[in-house]
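Undergrad: First, the structure itself, so that you have it in front of you.
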Amino acid sequence: MIDTSKAKVSGVEIEVTPSDHIFRELGNNTYTFLDLLSELVDNCVAAKDSDELLEVQIVIGVCNQRNKTFFVISDNASGIPRGQLGSAISPAAIQNKDSLNEHGLGMKQAVASLGELEYLATKTKKDKEALVVNQFRYGKLDCKELAVPWTKGTEIRVANLREIVPMTQTHYTRDVVKQLGARYRRLLLKDAPQMKLILKLVDADSGSAELIQEYKIEPTKPVYFHPNTRQNKPVVEKKHFKGNGWKADLTFGYAPTDKEYVELGLEKPTKFEPYHVSFKNQGLDIILHDRVIDFHMLSEIGLIQARHPDFNPIRGEIDLKSGFSTAITKNAIIHDEHFKECLDQIREFLDGNGYLKRKTYPGDLPENLLRDRLAEWLKTNKLSPRRDVKTEFAVQGLGGSIDILADREAWEIKKDEADGLDV
(Lines give C-alpha, C1' and ligand atoms only; values in the text may rest on other atoms or scores of the structure.)
Protein backbone atom coordinates (compact mmCIF):
# COMPACT_ATOMS: atom_id res chain seq x y z
CA MET A 1 0.00 0.00 0.00
CA ILE A 2 1.45 3.39 -0.97
CA ASP A 3 1.63 6.47 1.23
CA THR A 4 -0.04 9.28 -0.75
CA SER A 5 0.86 11.87 1.91
CA LYS A 6 4.34 11.96 0.32
CA ALA A 7 3.03 12.76 -3.17
CA LYS A 8 4.23 16.03 -4.78
CA VAL A 9 2.43 18.52 -6.99
CA SER A 10 3.05 17.41 -10.59
CA GLY A 11 1.61 20.27 -12.60
CA VAL A 12 -0.33 17.68 -14.63
CA GLU A 13 -4.07 18.27 -15.01
CA ILE A 14 -6.68 15.93 -16.42
CA GLU A 15 -10.12 16.90 -17.62
CA VAL A 16 -13.17 14.69 -16.98
CA THR A 17 -15.78 15.30 -19.66
CA PRO A 18 -19.33 13.97 -19.69
CA SER A 19 -20.09 11.30 -22.29
CA ASP A 20 -23.42 10.99 -24.05
CA HIS A 21 -22.99 7.20 -23.90
CA ILE A 22 -24.40 7.39 -20.38
CA PHE A 23 -27.90 8.01 -21.75
CA ARG A 24 -27.76 4.68 -23.58
CA GLU A 25 -25.95 2.75 -20.84
CA LEU A 26 -28.57 3.73 -18.26
CA GLY A 27 -30.85 1.28 -20.05
CA ASN A 28 -28.63 -1.68 -19.16
CA ASN A 29 -30.07 -2.42 -15.75
CA THR A 30 -31.97 -5.09 -13.83
CA TYR A 31 -35.39 -3.45 -14.10
CA THR A 32 -38.57 -5.40 -14.68
CA PHE A 33 -41.25 -3.89 -16.90
CA LEU A 34 -43.20 -2.97 -13.74
CA ASP A 35 -40.11 -1.11 -12.47
CA LEU A 36 -39.88 0.88 -15.71
CA LEU A 37 -43.51 1.90 -15.55
CA SER A 38 -43.06 2.78 -11.89
CA GLU A 39 -40.08 5.06 -12.53
CA LEU A 40 -42.11 7.13 -14.97
CA VAL A 41 -45.22 7.17 -12.77
CA ASP A 42 -42.99 8.20 -9.84
CA ASN A 43 -41.88 11.26 -11.83
CA CYS A 44 -45.51 12.22 -12.35
CA VAL A 45 -46.25 11.79 -8.63
CA ALA A 46 -43.20 13.85 -7.63
CA ALA A 47 -44.44 16.74 -9.82
CA LYS A 48 -48.05 16.52 -8.60
CA ASP A 49 -49.83 19.72 -7.59
CA SER A 50 -50.88 19.12 -4.00
CA ASP A 51 -54.40 20.54 -4.43
CA GLU A 52 -55.34 18.57 -7.56
CA LEU A 53 -56.08 14.97 -8.50
CA LEU A 54 -53.11 13.69 -10.46
CA GLU A 55 -54.15 12.13 -13.78
CA VAL A 56 -51.63 9.83 -15.45
CA GLN A 57 -52.27 8.05 -18.75
CA ILE A 58 -50.06 5.38 -20.30
CA VAL A 59 -50.63 4.37 -23.93
CA ILE A 60 -48.75 1.41 -25.39
CA GLY A 61 -48.84 0.76 -29.12
CA VAL A 62 -48.45 -2.99 -29.57
CA CYS A 63 -47.50 -4.74 -32.79
CA ASN A 64 -45.54 -7.78 -33.97
CA GLN A 65 -43.08 -5.43 -35.68
CA ARG A 66 -41.05 -3.67 -32.98
CA ASN A 67 -40.20 -0.73 -35.26
CA LYS A 68 -43.88 0.26 -35.21
CA THR A 69 -44.35 0.03 -31.44
CA PHE A 70 -44.48 3.02 -29.11
CA PHE A 71 -45.01 4.05 -25.51
CA VAL A 72 -46.54 7.35 -24.29
CA ILE A 73 -46.99 8.58 -20.74
CA SER A 74 -48.68 11.90 -19.98
CA ASP A 75 -49.80 13.69 -16.83
CA ASN A 76 -51.48 16.86 -15.60
CA ALA A 77 -48.78 17.57 -13.00
CA SER A 78 -46.97 20.90 -12.65
CA GLY A 79 -44.69 20.43 -15.68
CA ILE A 80 -40.95 21.12 -15.79
CA PRO A 81 -39.99 24.81 -15.61
CA ARG A 82 -37.94 25.86 -18.64
CA GLY A 83 -35.02 26.88 -16.51
CA GLN A 84 -34.86 23.40 -14.98
CA LEU A 85 -35.38 21.25 -18.08
CA GLY A 86 -31.67 20.86 -18.75
CA SER A 87 -31.08 19.68 -15.18
CA ALA A 88 -34.08 17.31 -15.44
CA ILE A 89 -32.45 15.67 -18.46
CA SER A 90 -28.95 15.53 -16.93
CA PRO A 91 -28.51 12.30 -14.91
CA ALA A 92 -28.61 12.88 -11.14
CA ALA A 93 -28.64 16.68 -11.51
CA ILE A 94 -31.94 17.04 -9.62
CA GLN A 95 -32.34 14.99 -6.45
CA ASN A 96 -35.02 15.13 -3.79
CA LYS A 97 -34.57 12.79 -0.84
CA ASP A 98 -38.10 13.49 0.40
CA SER A 99 -39.94 12.39 -2.75
CA LEU A 100 -40.17 9.59 -5.30
CA ASN A 101 -37.77 11.60 -7.49
CA GLU A 102 -34.98 10.67 -5.09
CA HIS A 103 -31.95 10.11 -7.34
CA GLY A 104 -32.65 12.05 -10.52
CA LEU A 105 -32.02 8.98 -12.69
CA GLY A 106 -35.38 7.23 -13.06
CA MET A 107 -36.80 8.94 -16.14
CA LYS A 108 -33.56 8.57 -18.11
CA GLN A 109 -33.14 4.94 -17.05
CA ALA A 110 -36.73 4.09 -17.96
CA VAL A 111 -36.60 5.76 -21.38
CA ALA A 112 -33.31 4.06 -22.27
CA SER A 113 -34.69 0.70 -21.13
CA LEU A 114 -37.94 1.04 -23.07
CA GLY A 115 -36.57 2.10 -26.47
CA GLU A 116 -35.67 5.31 -28.28
CA LEU A 117 -36.86 8.73 -27.15
CA GLU A 118 -39.10 10.37 -29.73
CA TYR A 119 -39.96 13.46 -27.69
CA LEU A 120 -40.43 14.97 -24.26
CA ALA A 121 -42.94 17.83 -24.15
CA THR A 122 -43.60 19.82 -20.99
CA LYS A 123 -45.58 22.91 -20.02
CA THR A 124 -46.15 24.81 -16.79
CA LYS A 125 -49.09 27.11 -16.05
CA LYS A 126 -46.90 30.12 -16.87
CA ASP A 127 -45.97 28.87 -20.34
CA LYS A 128 -48.05 29.74 -23.38
CA GLU A 129 -46.79 26.71 -25.29
CA ALA A 130 -45.08 23.43 -24.45
CA LEU A 131 -41.34 23.05 -24.85
CA VAL A 132 -40.33 19.97 -26.85
CA VAL A 133 -36.97 18.13 -26.91
CA ASN A 134 -36.21 15.16 -29.16
CA GLN A 135 -33.06 13.76 -27.58
CA PHE A 136 -31.23 13.32 -24.29
CA ARG A 137 -27.57 14.40 -24.38
CA TYR A 138 -25.14 16.84 -22.77
CA GLY A 139 -24.55 20.30 -24.16
CA LYS A 140 -26.98 22.72 -25.77
CA LEU A 141 -30.18 21.22 -27.12
CA ASP A 142 -32.39 22.73 -29.79
CA CYS A 143 -35.90 22.97 -28.34
CA LYS A 144 -39.17 23.52 -30.15
CA GLU A 145 -42.38 25.15 -29.00
CA LEU A 146 -45.79 23.65 -29.62
CA ALA A 147 -49.36 24.61 -28.80
CA VAL A 148 -50.92 21.78 -26.79
CA PRO A 149 -54.47 21.20 -25.52
CA TRP A 150 -53.41 20.94 -21.87
CA THR A 151 -52.79 23.71 -19.34
CA LYS A 152 -49.80 22.02 -17.71
CA GLY A 153 -48.07 18.69 -17.51
CA THR A 154 -45.53 16.51 -19.28
CA GLU A 155 -45.74 13.94 -22.09
CA ILE A 156 -42.99 11.49 -23.11
CA ARG A 157 -43.10 9.27 -26.17
CA VAL A 158 -40.69 6.38 -26.79
CA ALA A 159 -40.52 4.44 -30.09
CA ASN A 160 -39.00 1.14 -31.25
CA LEU A 161 -39.76 -0.59 -27.97
CA ARG A 162 -37.33 -3.18 -26.66
CA GLU A 163 -38.16 -6.78 -25.76
CA ILE A 164 -38.83 -5.92 -22.11
CA VAL A 165 -42.18 -4.39 -23.16
CA PRO A 166 -44.91 -7.08 -23.42
CA MET A 167 -46.93 -7.14 -26.62
CA THR A 168 -49.82 -9.40 -25.57
CA GLN A 169 -53.05 -8.19 -23.98
CA THR A 170 -53.08 -11.22 -21.66
CA HIS A 171 -49.87 -10.11 -19.97
CA TYR A 172 -51.37 -6.74 -19.05
CA THR A 173 -54.73 -8.13 -17.94
CA ARG A 174 -53.20 -10.93 -15.92
CA ASP A 175 -50.12 -9.29 -14.40
CA VAL A 176 -49.36 -5.62 -15.03
CA VAL A 177 -52.70 -4.07 -14.04
CA LYS A 178 -52.89 -5.79 -10.64
CA GLN A 179 -49.21 -5.15 -9.92
CA LEU A 180 -49.58 -1.43 -10.63
CA GLY A 181 -52.68 -1.39 -8.43
CA ALA A 182 -50.71 -3.01 -5.60
CA ARG A 183 -47.66 -0.75 -5.94
CA TYR A 184 -49.67 2.49 -5.91
CA ARG A 185 -52.60 1.35 -3.77
CA ARG A 186 -52.19 4.19 -1.27
CA LEU A 187 -52.44 6.82 -4.01
CA LEU A 188 -55.40 5.09 -5.70
CA LEU A 189 -57.68 4.82 -2.65
CA LYS A 190 -61.33 4.84 -3.74
CA ASP A 191 -62.50 7.10 -0.91
CA ALA A 192 -59.73 9.71 -1.21
CA PRO A 193 -57.70 9.13 -4.38
CA GLN A 194 -54.59 11.20 -5.01
CA MET A 195 -54.06 9.76 -8.49
CA LYS A 196 -56.08 8.44 -11.40
CA LEU A 197 -54.04 5.98 -13.46
CA ILE A 198 -55.17 4.78 -16.90
CA LEU A 199 -53.38 2.27 -19.12
CA LYS A 200 -54.41 1.81 -22.77
CA LEU A 201 -53.32 -0.75 -25.33
CA VAL A 202 -53.70 0.35 -28.95
CA ASP A 203 -52.97 -1.33 -32.26
CA ALA A 204 -49.75 0.24 -33.53
CA ASP A 205 -50.21 -1.51 -36.87
CA SER A 206 -53.34 0.48 -37.67
CA GLY A 207 -52.95 4.03 -38.90
CA SER A 208 -55.44 5.35 -36.32
CA ALA A 209 -53.95 3.46 -33.32
CA GLU A 210 -57.24 1.66 -32.72
CA LEU A 211 -58.01 0.99 -29.05
CA ILE A 212 -57.61 -2.64 -28.00
CA GLN A 213 -58.22 -2.36 -24.27
CA GLU A 214 -58.40 0.37 -21.62
CA TYR A 215 -57.67 -0.32 -17.95
CA LYS A 216 -58.46 1.95 -15.03
CA ILE A 217 -55.95 0.90 -12.40
CA GLU A 218 -57.75 0.10 -9.14
CA PRO A 219 -56.04 -0.33 -5.76
CA THR A 220 -54.99 -3.93 -5.06
CA LYS A 221 -54.74 -4.47 -1.31
CA PRO A 222 -53.73 -7.52 0.73
CA VAL A 223 -56.66 -9.27 2.43
CA TYR A 224 -56.16 -10.40 6.02
CA PHE A 225 -57.97 -12.81 8.31
CA HIS A 226 -57.74 -12.10 12.03
CA PRO A 227 -57.89 -15.48 13.82
CA ASN A 228 -59.77 -14.10 16.83
CA THR A 229 -62.22 -11.59 15.36
CA ARG A 230 -62.55 -13.50 12.04
CA GLN A 231 -62.53 -10.19 10.19
CA ASN A 232 -60.47 -8.75 7.34
CA LYS A 233 -57.97 -7.16 9.72
CA PRO A 234 -54.28 -7.67 10.47
CA VAL A 235 -53.11 -8.99 13.84
CA VAL A 236 -50.80 -5.97 14.28
CA GLU A 237 -51.71 -2.63 12.72
CA LYS A 238 -49.38 0.37 12.40
CA LYS A 239 -47.16 -0.44 15.35
CA HIS A 240 -44.56 2.30 15.68
CA PHE A 241 -40.82 1.65 15.72
CA LYS A 242 -38.13 4.30 15.89
CA GLY A 243 -34.42 4.87 16.37
CA ASN A 244 -31.91 7.66 16.11
CA GLY A 245 -32.88 9.40 12.87
CA TRP A 246 -35.55 6.98 11.61
CA LYS A 247 -39.20 5.99 12.08
CA ALA A 248 -41.26 3.10 10.69
CA ASP A 249 -44.66 1.43 11.14
CA LEU A 250 -45.40 -2.30 11.03
CA THR A 251 -48.62 -3.95 9.92
CA PHE A 252 -48.61 -7.74 10.22
CA GLY A 253 -51.16 -10.48 9.69
CA TYR A 254 -52.19 -13.66 7.92
CA ALA A 255 -53.91 -14.39 4.62
CA PRO A 256 -57.29 -16.15 4.68
CA THR A 257 -57.62 -19.81 3.75
CA ASP A 258 -60.01 -20.74 0.95
CA LYS A 259 -62.85 -21.28 3.46
CA GLU A 260 -62.04 -18.01 5.20
CA TYR A 261 -62.30 -16.10 1.92
CA VAL A 262 -65.82 -17.52 1.61
CA GLU A 263 -66.56 -16.52 5.21
CA LEU A 264 -65.40 -12.96 4.48
CA GLY A 265 -67.52 -12.85 1.33
CA LEU A 266 -64.47 -12.03 -0.79
CA GLU A 267 -63.16 -13.52 -4.01
CA LYS A 268 -59.90 -15.42 -3.73
CA PRO A 269 -57.08 -13.88 -5.85
CA THR A 270 -55.94 -15.76 -8.94
CA LYS A 271 -52.48 -17.30 -8.95
CA PHE A 272 -51.16 -14.39 -11.03
CA GLU A 273 -52.18 -11.67 -8.56
CA PRO A 274 -49.74 -10.14 -6.07
CA TYR A 275 -51.52 -11.43 -2.96
CA HIS A 276 -52.34 -14.97 -3.99
CA VAL A 277 -51.08 -17.19 -1.17
CA SER A 278 -47.95 -18.94 -2.41
CA PHE A 279 -44.32 -19.64 -1.61
CA LYS A 280 -43.04 -16.64 -3.58
CA ASN A 281 -45.68 -14.26 -2.19
CA GLN A 282 -45.00 -14.82 1.52
CA GLY A 283 -43.72 -11.83 3.45
CA LEU A 284 -44.07 -8.09 3.99
CA ASP A 285 -44.22 -5.22 1.50
CA ILE A 286 -41.68 -2.44 2.03
CA ILE A 287 -43.27 1.00 1.53
CA LEU A 288 -41.59 4.40 1.15
CA HIS A 289 -43.38 7.66 0.24
CA ASP A 290 -46.68 5.71 -0.04
CA ARG A 291 -45.26 3.50 -2.82
CA VAL A 292 -44.38 -0.20 -2.54
CA ILE A 293 -40.63 -0.48 -3.15
CA ASP A 294 -40.31 -4.23 -2.53
CA PHE A 295 -43.00 -6.91 -2.48
CA HIS A 296 -43.10 -9.99 -0.23
CA MET A 297 -39.91 -9.59 1.81
CA LEU A 298 -39.21 -12.14 4.57
CA SER A 299 -35.97 -14.15 4.40
CA GLU A 300 -34.54 -11.43 2.13
CA ILE A 301 -34.61 -8.97 5.04
CA GLY A 302 -33.56 -11.49 7.66
CA LEU A 303 -36.87 -11.94 9.48
CA ILE A 304 -36.48 -15.70 8.97
CA GLN A 305 -33.49 -17.79 7.88
CA ALA A 306 -35.07 -19.34 4.79
CA ARG A 307 -38.41 -19.46 3.05
CA HIS A 308 -40.69 -22.38 3.92
CA PRO A 309 -44.31 -23.18 3.01
CA ASP A 310 -45.25 -22.71 6.69
CA PHE A 311 -44.77 -18.97 6.14
CA ASN A 312 -47.01 -18.71 3.05
CA PRO A 313 -49.91 -17.01 4.92
CA ILE A 314 -47.69 -14.25 6.34
CA ARG A 315 -48.30 -10.79 4.91
CA GLY A 316 -48.11 -7.17 5.93
CA GLU A 317 -46.25 -3.90 5.45
CA ILE A 318 -43.19 -2.12 6.78
CA ASP A 319 -43.95 1.55 6.16
CA LEU A 320 -40.69 3.52 6.25
CA LYS A 321 -41.69 6.96 7.50
CA SER A 322 -38.32 8.76 7.62
CA GLY A 323 -34.58 8.14 7.60
CA PHE A 324 -34.40 5.62 4.73
CA SER A 325 -33.32 5.69 1.08
CA THR A 326 -33.61 3.47 -1.98
CA ALA A 327 -31.04 2.04 -4.36
CA ILE A 328 -30.67 4.01 -7.59
CA THR A 329 -32.97 1.55 -9.35
CA LYS A 330 -35.58 2.25 -6.64
CA ASN A 331 -36.54 -1.43 -6.37
CA ALA A 332 -34.70 -2.00 -3.07
CA ILE A 333 -33.98 -0.19 0.20
CA ILE A 334 -30.36 0.56 1.09
CA HIS A 335 -29.37 -1.73 3.96
CA ASP A 336 -27.72 0.97 6.04
CA GLU A 337 -27.62 1.24 9.84
CA HIS A 338 -31.11 2.72 10.00
CA PHE A 339 -32.70 -0.11 8.01
CA LYS A 340 -30.75 -2.79 9.88
CA GLU A 341 -31.78 -1.37 13.26
CA CYS A 342 -35.38 -1.15 12.09
CA LEU A 343 -35.39 -4.80 10.99
CA ASP A 344 -33.74 -5.90 14.24
CA GLN A 345 -36.50 -4.24 16.28
CA ILE A 346 -39.24 -5.72 14.10
CA ARG A 347 -37.68 -9.21 14.21
CA GLU A 348 -37.40 -9.05 18.01
CA PHE A 349 -41.06 -7.99 18.28
CA LEU A 350 -42.34 -10.70 15.92
CA ASP A 351 -40.22 -13.44 17.52
CA GLY A 352 -41.15 -12.36 21.03
CA ASN A 353 -44.86 -12.63 20.27
CA GLY A 354 -44.63 -15.83 18.23
CA TYR A 355 -46.08 -14.17 15.14
CA LEU A 356 -43.69 -15.64 12.59
CA LYS A 357 -45.54 -18.92 12.59
CA ARG A 358 -49.24 -18.89 12.18
CA LYS A 359 -50.80 -19.93 15.46
CA THR A 360 -53.32 -22.73 15.62
CA TYR A 361 -56.74 -21.42 16.56
CA PRO A 362 -59.96 -23.34 17.19
CA GLY A 363 -61.08 -22.98 13.59
CA ASP A 364 -57.94 -24.84 12.46
CA LEU A 365 -58.29 -27.84 14.83
CA PRO A 366 -60.07 -31.09 13.94
CA GLU A 367 -63.48 -31.58 15.57
CA ASN A 368 -62.47 -34.67 17.57
CA LEU A 369 -59.64 -32.74 19.23
CA LEU A 370 -61.98 -29.85 20.04
CA ARG A 371 -64.47 -32.39 21.46
CA ASP A 372 -61.89 -34.00 23.74
CA ARG A 373 -60.63 -30.63 24.97
CA LEU A 374 -64.18 -29.50 25.78
CA ALA A 375 -64.94 -32.77 27.57
CA GLU A 376 -61.84 -32.37 29.72
CA TRP A 377 -62.77 -28.78 30.53
CA LEU A 378 -66.33 -29.77 31.48
CA LYS A 379 -64.91 -32.28 33.97
CA THR A 380 -62.20 -30.06 35.46
CA ASN A 381 -63.39 -26.43 35.36
CA LYS A 382 -63.68 -24.88 38.81
CA LEU A 383 -66.90 -22.94 38.25
CA SER A 384 -69.26 -25.78 37.37
CA PRO A 385 -67.55 -29.17 36.94
CA ARG A 386 -69.66 -32.02 35.48
CA ARG A 387 -69.56 -35.41 37.10
CA ASP A 388 -70.78 -37.69 34.32
CA VAL A 389 -69.12 -36.75 30.99
CA LYS A 390 -69.40 -39.08 28.00
CA THR A 391 -68.11 -38.51 24.43
CA GLU A 392 -69.66 -39.95 21.25
CA PHE A 393 -72.86 -40.83 23.11
CA ALA A 394 -75.01 -42.96 20.79
CA VAL A 395 -78.66 -41.92 20.39
CA GLN A 396 -81.03 -44.70 19.35
CA GLY A 397 -83.22 -44.05 16.37
CA LEU A 398 -81.09 -41.19 15.02
CA GLY A 399 -78.30 -43.22 13.50
CA GLY A 400 -75.80 -40.86 15.07
CA SER A 401 -74.23 -39.77 18.32
CA ILE A 402 -73.92 -36.70 20.49
CA ASP A 403 -70.40 -35.32 20.72
CA ILE A 404 -70.59 -34.85 24.50
CA LEU A 405 -73.24 -35.72 27.06
CA ALA A 406 -72.36 -34.06 30.37
CA ASP A 407 -74.75 -34.64 33.30
CA ARG A 408 -77.50 -35.30 30.73
CA GLU A 409 -76.73 -32.01 28.93
CA ALA A 410 -75.92 -32.38 25.20
CA TRP A 411 -72.99 -30.62 23.52
CA GLU A 412 -72.38 -30.71 19.76
CA ILE A 413 -69.15 -29.42 18.20
CA LYS A 414 -69.47 -27.83 14.76
CA LYS A 415 -66.78 -26.11 12.66
CA ASP A 416 -69.03 -25.85 9.61
CA GLU A 417 -72.76 -25.39 9.06
CA ALA A 418 -75.02 -27.65 11.11
CA ASP A 419 -77.51 -30.01 9.41
CA GLY A 420 -80.79 -31.45 10.69
CA LEU A 421 -79.16 -34.46 12.32
CA ASP A 422 -76.77 -32.21 14.25
CA VAL A 423 -79.71 -30.24 15.63
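The values are calculated or read from the model by the stated rules, or taken from the named source; none is laboratory data. Values in this document were obtained by computation on a predicted structure and should not be read as measured data. All Cβ positions, even for glycine, are placed from backbone atoms using ideal geometry, and neighbour counts span all protein chains on display. Heads up: the accessible areas ignore ligands, DNA and RNA and are worked out on the full protein's heavy atoms, side chains in. Shrake-Rupley method; radii C 1.70, N 1.55, O 1.52, S 1.80 Å.
Undergrad: Determine the calculated [θ] at 222 nm for the chain from helices alone, applying -39500 (n - 2.57) to every DSSP H run no shorter than 4 residues and normalising by the residue count; nearest 500 deg cm²/dmol. Before the final figure, lay out the partial values.
TA: Values: 8 runs with 77 residues, N = 423.
Result for the chain: -5500 deg cm²/dmol, rounded to the nearest 500.
Undergrad: Shifting gears a bit: With an 8 Å cut-off on Cα pairs and a minimum separation of 6 or more residues, tell me the relative contact order of the range 92-225 in percent.
TA: In percent, rounded to a whole number, it is 17.
Undergrad: Something else now. Please list, in order along the range 36-43, the HN-Hα scalar couplings obtained from phi with the Karplus expression 6.51 cos²θ - 1.76 cosθ + 1.60 (θ = phi - 60°), rounded to whole Hz, x for Gly and Pro.
TA: 5, 4, 5, 4, 6, 5, 4, 4
Undergrad: Treating only the Cβ of Lys, Arg, Asp and Glu as charged (+1, +1, -1, -1), what charge dipole size does the range 138-255 show about its Cα centre? Round to the nearest 20 debye.
TA: 880
Undergrad: Right, here's the next one. Heavy-atom accessible area of Val45 with all protein chains present, probe 1.4 Å, nearest 10 Å²?
TA: 30
Undergrad: Here's another thing I want to ask about it. If I build a Gaussian network model for the chain, linking alpha-carbon pairs within less than 10 angstrom, which residue out of Val395, Val132, Val223 has the largest mean-square fluctuation?
TA: Maximum among the listed residues: Val395.
Undergrad: What list of ³J(HN,Hα) values in whole Hz, one per residue of the range 185-196 in order, does the Karplus curve 6.51 cos²θ - 1.76 cosθ + 1.60 (θ = phi - 60°) give from phi, with Gly and Pro shown as x?
TA: Once θ is set to phi - 60°, the couplings for the range 185-196 become 4, 6, 8, 9, 3, 5, 6, 9, x, 9, 8, 10 Hz.
Undergrad: Nearest 20 debye, what's the magnitude of the dipole of the range 210-255 about its Cα centre given +1 on Lys and Arg Cβ and -1 on Asp and Glu Cβ?
TA: With Lys and Arg at +1 and Asp and Glu at -1, about 460 debye.
Undergrad: I'd like to know which of Ala182, Pro366, Val132 lies farthest towards the positive end of the charge dipole of the chain, counting +1 on Cβ of Lys and Arg and -1 on Cβ of Asp and Glu.
TA: Farthest towards the positive end: Val132.
Undergrad: Lysines within cross-link reach of Lys414: Cα-Cα under 16 Å, excluding same-chain residues under 8 positions apart?
TA: Of all the lysines, those that pass the test against Lys414 - Cα under 16 Å, at least 8 places apart if same chain - are Lys259.
Undergrad: Sticking with this structure for a sec: Per residue, how much accessible surface does the chain expose to a 1.4 Å probe? Answer in Å², no decimals. Before the final figure, lay out the partial values.
TA: Numbers: 23450 Å² over 423 residues.
I get 55 Å² per residue for the chain.
Undergrad: Rank Gln282, Gln179, Gln169 by mean-square fluctuation in a GNM of the chain with C-alpha springs under 10 angstrom and give only the top-ranked residue.
TA: Gln169
Undergrad: Show Glu348, Glu52 ordered by accessible area, largest first, where the area counts protein heavy atoms only and the probe is 1.4 Å.
TA: Of Glu348, Glu52, the descending order of accessible area is Glu348, Glu52.
Undergrad: Taking the chain as a Gaussian network, where each spring joins two C-alpha atoms under 10 Å apart, which residue of Glu39, Glu129, Glu13 fluctuates the most?
TA: Among Glu39, Glu129, Glu13, the largest mean-square fluctuation in the Gaussian network model of the chain belongs to Glu13.
Undergrad: Okay, moving on. Using alpha carbon centroids, what distance separates the range 43-82 and the range 119-146, in Å?
TA: 15
Undergrad: Next up: Select from the range 242-314 those trypsin sites (Lys or Arg not before Pro) which occupy a DSSP coil region and have at most 12 other Cβ atoms within 10 Å, ordered by residue number. Before the final figure, lay out the partial values.
TA: Details: sites: Lys242, Lys247, Lys259, Lys271, Lys280, Arg291, Arg307; in loops: Lys271, Lys280, Arg307.
Answer in residue order: Lys271, Lys280.
Undergrad: For a quick check of your reading of the filter: which GluC sites (Glu not before Pro) in the range 229-331 sit in a DSSP loop and have no more than 12 other Cβ atoms within 10 Å? The partial results should precede the final answer.
TA: On the way: sites: Glu237, Glu260, Glu263, Glu267, Glu300, Glu317; in loops: Glu267.
Counting only loop positions with at most 12 other Cβ atoms within 10 Å, the GluC sites (Glu not before Pro) in the range 229-331 are Glu267.
Undergrad: Which residues in the range 128-146 have a backbone N closer than 15 Å to a point placed 7 Å from the Cα of Glu15 along the Cα-to-Cβ line?
TA: 139
Undergrad: Moving on to the next point. Mind putting a number on the dipole of the chain about its Cα centre? Charges go on the C-beta only, +1 for Lys and Arg and -1 for Asp and Glu, and I need it in Debye to the nearest 20.
TA: Once rounded to the nearest 20, the dipole reads 520 debye.
Undergrad: Among Gln57, Leu37, Phe23, which residue has its Cα furthest toward the positive end of the charge dipole of the range 22-76, with +1 on Lys/Arg Cβ and -1 on Asp/Glu Cβ?
TA: Working it through, the farthest residue towards the positive pole turns out to be Phe23.
Undergrad: Where does the charge balance sit around Gly153 when Lys and Arg score +1, Asp and Glu -1, over other residues with C-beta under 12 Å from its C-beta?
TA: -2
Undergrad: While we're looking at this one, here's another question. If one computes the Cα centroid of the range 230-249 and of the range 17-33, what distance in Å separates the two points?
TA: 38
Undergrad: Still on this structure, please answer the following. With a point put 7 Å past each Cα toward its Cβ, work out how far Arg162 is from Trp377 in nm, to one decimal.
TA: Reported label-point gap for Arg162 and Trp377 is 6.1 nm.
Undergrad: At 1.4 Å probe size, with the rest of the protein present, what percent of the exposed accessible area of the range 1-121 is carbon and sulfur atoms?
TA: Taking all protein chains in place, the range 1-121 shows 50 percent carbon and sulfur surface.
Undergrad: So which chymotrypsin sites (Phe, Trp or Tyr not before Pro) in the range 251-283 pass both tests, a DSSP loop state and at most 15 other Cβ atoms within 10 Å of the Cβ?
TA: Phe272, Phe279
Undergrad: Give the distance, in whole Å, between the Cα centre of the range 286-365 and the Cα centre of the range 211-225.
TA: With the range 286-365 and the range 211-225 each reduced to a Cα centre, they are spaced 24 Å.
Undergrad: Of Met1, Met195, which has the most accessible area and how do the rest follow, probe 1.4 Å?
TA: Met1, Met195
Undergrad: Here is a follow-up. Pull out the extension gain between Leu211 and Asn244, defined as 0.36 nm times the separation in residues minus the alpha carbon to alpha carbon distance; nm, one decimal.
TA: Length gained between Leu211 and Asn244: 6.6 nm.
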